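Quick notes on the structure that follows.
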Amino acid sequence: MKIEEKYDVIVVGGGHAGCEAALSAARMGSRVLMLNLYLDNTAMMPCNPSIGGPAKGHLVREIDALGGEMAKAADKATHHLRWLNTSKGPAVRTLRAQCDPVKYGNHYRTAILTCLGLEVHQAMVTDLLTEKGRVVGVKIRTGQTFLSKTVIITTGTYLAAKIHIGLTSHKSGPLGMVSSSGLARSIRKTGLTVGRLRTDTTPRVLADSINWEILDRQESINEPESFSHFGEKRVHEGIICGLTRTNKETHEVIKKYFDRSPLIQGTLDSEGPRYCPSIDDKIIKFPEKDTHPIFLEPINPEGREVYLQNFSTSMCLEAQLESVRTLRGCESAHILRPGYAIEYDFVDPTQLYPWLETKTIANLFLAGQINGTSGYEEAGSQGLMAGINAALRVKDLEPLVLRRDQAYIGVLIDDLVTKGTSEPYRMLTSRCEYRLLLRHDNADTRLSPVGKEIGLLQENEWKILQKRWRHIEEETQMIKNIKISPTEKINEILRGAASSPLSEGLPAAELLKRPEISWGVFSEITSSTIEKELGERISVSAKYEGYIDRQMRQVNKFHRMEILKFPEGFDFSAVSGLSAEGEQKLSKFMPRTLGQASRISGIPPTDIQLLWVAVENKRRSKDETTDD
Ligand SMILES: Cc1cc2nc3c(=O)[nH]c(=O)nc-3n(C[C@H](O)[C@H](O)[C@H](O)COP(=O)(O)OP(=O)(O)OC[C@H]3O[C@@H](n4cnc5c(N)ncnc54)[C@H](O)[C@@H]3O)c2cc1C
């Protein structure tokens, strides 16, 4: 590292967004410098060390399909793995892994320290350097400056961060790290609109102080699995999670301490996560519920630390200890670390283009929790896209924007930049319109060709995928061409699967469409030898063919509107007849396409029609001028 040297990309922060950003930009050929407060907190997991779950698991698979690192880190660190939503259909089925945070962080640290073209330096960035409306570098606390063509800020929950426990508060980043105040001031000085958000975490208790014997248990799945398309599938044995519940006494104790709850006493002046409320919030919002499930999830075997999933709180320590000890199995629990709420600055993401560059400061990209999201997967996805787009900018190439019908990552970023957020934004399957198209199992077919084209996906990984796609294609063709005969053996298998026996030959593809015929049963009938994961993909495509086709038709229809671009410098205020709110919001958010305009809240459909006509008229008059 040389101080006077000019980098292509500087990444501020080494969390989930920062690591993905730095790795993707460097792997695409940029000279990258990552500046992070501590080398030791690389990809730190300050909340529950779990990766995946509904919608989040989809993001991890997409990061992997594009050539990112998160799935590999999760696979390396997993000690407990489950399939979630198995009864709710293939669209929302996903993996969730409990990870060892030390192994997870170490995986990323090794990846960034051994990545060609990527330099890492421990430092606190205090200032953004800008010139004539573009970012040119950063300054660190000890006064040195680093110059760069692009800068990506990924500072998570650290900006002007403040921790609350009971009615006390102090300046601090997560898990006792420092709060980053210089950079917070510098960002405000640029004129970007900044707000405050909040998130809470749970107390951590000593594993040996829990009575595991009396708890219900959740075991890891016993089939080999992996998040990554390229990793070795493994079975994870040994770690068992416990299940307990809050009870009447727990709720009484929490209510008793309401006078010392920052949430209730109003000492928190920021919005917390709606979909992950703290336990005191749940008791206020759902008074009719007299119990809530609490999962006891070991963080890492050596650390003896246990996470109380669903019990996040910022109540005073006395309230935490007393309420935790009302839980079955936790009567003698020892709290190793208290739960707390953390408030921090975030930047209103509507000030970003869909490729995550700020609209007002050229070449400045923002990714992760700084954009108002919550979650490792949401952060990693944005980091990956910011890294890709910074690298493309350095090469003077068009930015990469994933569409809503292409990826959950596309939905996430589109939501942020067109709608903004007033509370920590978490990815949910319900946010996605085309769930049957964006499945956990098909992330590679959707995104790996993109990863390959931009030069991020490794050649050996591309070859692995091509081989798999060939197997799927061959097997699908084979299924189309064979007929199943009504033999006694086959009918016995069918009866065993609660499926009607055959009286005459049936095309195999038709049999596979039956909902009760799993791939396991089908492969027994057809003696198929294809890998089970690939067989299940074929089975989903067969069973949901009609629905998938219908969603594809909707996508095509929507596409025609989505891709209609507003011409450069389009003046929304000149479109006559727009509603006052519509005109104001369009001029503020400056959508690039009609599709984006349609998703800004408060824009009525009549405004969209008017915009359509205005763009078409403009295009026609331009065509006529060109013809002349
Ligand atoms: C208390 C708490 C509770 C949470 N609860 C949940 C939850 O319930 N569910 C969920 O999904 N997620 C939760 N999270 C969120 C999850 O931890 C974050 O979403 C995720 O870590 C964000 O990733 P990031 O890369 O954006 O930022 P971070 O992981 O926070 O990384 C930020 C990085 O920036 C660096 N940095 C900061 N300032 C500077 C500076 N000035 N100079 C150089 N480097 C700097 C830091 O060292 C760090 O490496 C919680 C987080 C906290 C702290």
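Of the beta bridges in the chain, as assigned by DSSP with both residues counted there, near 70 percent are antiparallel. Towards the positive end of the charge dipole of region 7-88, with charges on Cβ (+1 Lys, Arg; -1 Asp, Glu), say which of Thr86, Ala71, Ala55 has the farthest Cα. Toward the positive end, the furthest listed residue is Thr86. Per residue, region 459-546 exposes an accessible area of 57 Å² to a 1.4 Å probe, with every protein chain left in place. Our estimate of slack between Asn106 and Leu84, defined as 0.36 nm per intervening residue step minus the Cα-Cα distance, is 5.2 nm.
Around Pro301, what is the net charge, scoring Lys/Arg as +1 and Asp/Glu as -1 over all other residues with Cβ under 13 Å from its Cβ?
Working: positive: Lys103, Arg304; negative: Asp100, Asp208, Glu237, Glu297, Glu302, Glu305.
Combined, the nearby Lys, Arg, Asp and Glu give -4.
Once you charge only the Cβ atoms, +1 for Lys and Arg and -1 for Asp and Glu, what is the size of the charge dipole of region 563-627 about its Cα centre, to the nearest 20 debye?
Working: 9 positive and 9 negative charges, 52 e Å.
Roughly 240 debye, rounded to the nearest 20.
Computing Rg and the Kirkwood Rh from the Cα coordinates of the chain gives a ratio, Rg/Rh, of 0.99. Phi-derived couplings, Karplus 6.51 cos²θ - 1.76 cosθ + 1.60 at θ = phi - 60°, listed residue by residue for region 442-452: 10, 4, 5, 5, 6, 10, 4, x, 5, x, 5 Hz, with x used for Gly and Pro.
How much FRET efficiency would the formula 1/(1 + (r/R0)^6) give for Met561 and Glu453, where r is the Cβ-Cβ distance and R0 is 35 Å, rounded to 0.05? Before the final figure, lay out each step's value.
Values: r = 25 Å, r/R0 = 0.73.
About 0.85, to the nearest 0.05.
Near the amide H of Gly231, within less than 5 Å, lie no amide hydrogens of residues on another chain or at least 5 residues away, with H placed in the peptide plane. Entry note, the chain: the mean residue ellipticity at 222 nm calculated from DSSP H runs of n ≥ 4, each adding -39500 (n - 2.57), is -11500 deg cm²/dmol after division by the residues and rounding to the nearest 500.
Listed cross-link partners Lys532/Lys557; Lys162/Lys189; Lys103/Lys359 are compared with a 30 Å cut-off, the Cα-Cα value being larger for Lys532/Lys557; Lys103/Lys359.
Can you tell me the FRET efficiency between Glu492 and Arg196 if r is taken as the Cβ-Cβ distance and R0 is 56 Å, rounded to the nearest 0.05?
Working: r = 65 Å, r/R0 = 1.16.
For R0 = 56 Å, the calculated efficiency reads 0.30.
If a spin label sat at a point 7 angstrom from the Cα of Glu545 along the line to its beta carbon, the backbone N atoms of region 506-522 nearer than 11 Å would be those of 507-514.
If Thr445, Thr529, Thr199 are ordered by their accessible area, calculated over protein heavy atoms with a 1.4 Å probe, which sequence runs from highest to lowest? Working shown, then result.
Values: Thr445 70, Thr529 130, Thr199 25 Å².
Solvent-accessible surface, decreasing: Thr529, Thr445, Thr199.
Using 0.36 nm per residue and subtracting the Cα-Cα separation, the extra length available between Lys513 and Thr529 on full extension is 3.8 nm.
Averaging Cα coordinates gives a centre for region 235-287 and one for region 589-614; these two points are 40 Å apart. Given DSSP loops and a limit of at most 15 other Cβ atoms within 10 Å, what is the longest stretch of the chain that contains no such chymotrypsin sites (Phe, Trp or Tyr not before Pro)? Excluding the exposed sites themselves, the longest stretch runs over 276-628. Restricting the calculation to Cα atoms, region 51-205 shows an Rg/Rh of 1.02 when the hydrodynamic-style radius is the Kirkwood one.
What longest region of the chain stays clear of GluC sites (Glu not before Pro) that DSSP places outside H, G, I, E and B and that have at most 16 other Cβ atoms within 10 Å? It would help to have the intermediate numbers written out before the result.
Working: sites that count: Glu4, Glu5, Glu219, Glu232, Glu237, Glu288, Glu302, Glu331, Glu433, Glu504, Glu516, Glu531, Glu568.
Longest stretch, sites excluded: 6-218.
As a calculated quantity, the FRET efficiency between Val235 and Leu113 at R0 = 35 Å, using C-beta atoms, amounts to about 0.70. Comparing Cα centroids, region 364-398 and region 520-544 end up 37 angstrom apart.
Centre-to-centre, using Cα atoms only, region 301-337 and region 116-191 are separated by 33 Å.
Leu129 to Lys256: extension gain in nm, 0.36 nm per residue of separation minus the Cα-Cα distance?
On the way: separation 127, 0.36 × 127 = 45.72 nm, distance 5.05 nm.
So the extension gain works out to 40.7 nm.
In order along region 564-580, the Karplus-derived 3J(HN,Hα) couplings, from 6.51 cos²θ - 1.76 cosθ + 1.60 at θ = phi - 60°, round to 5, 8, 6, x, 3, x, 4, 9, 5, 6, 8, 7, 7, x, 5, 5, 4 Hz, and Gly and Pro are given as x. Distance between the modelled labels on Lys395 and Ile464, one decimal in nanometres: 2.3 nm (7 Å Cα→Cβ projection). Across region 208-272 the C-alpha pair distances fall into 5 Å bins from zero in the proportions 3, 12, 11, 11, 11, 11, 12, 11, 10, 6, 1 percent. Relative to the Cα centre, the charge distribution of region 297-337, modelled as +1 at Lys and Arg Cβ and -1 at Asp and Glu Cβ, gives a dipole magnitude of about 40 debye.
The values are calculated or read from the model by the stated rules, or taken from the named source; none is laboratory data. Owing to the predicted nature of the structure, the values given are computational and were not obtained by experimental measurement. Don't worry about glycine lacking a Cβ; one is built from the backbone with ideal geometry, like all the others, and counts go over all protein chains shown. Note: areas computed on protein heavy atoms with side chains; ligands, DNA, RNA excluded. Shrake-Rupley method; radii C 1.70, N 1.55, O 1.52, S 1.80 Å.
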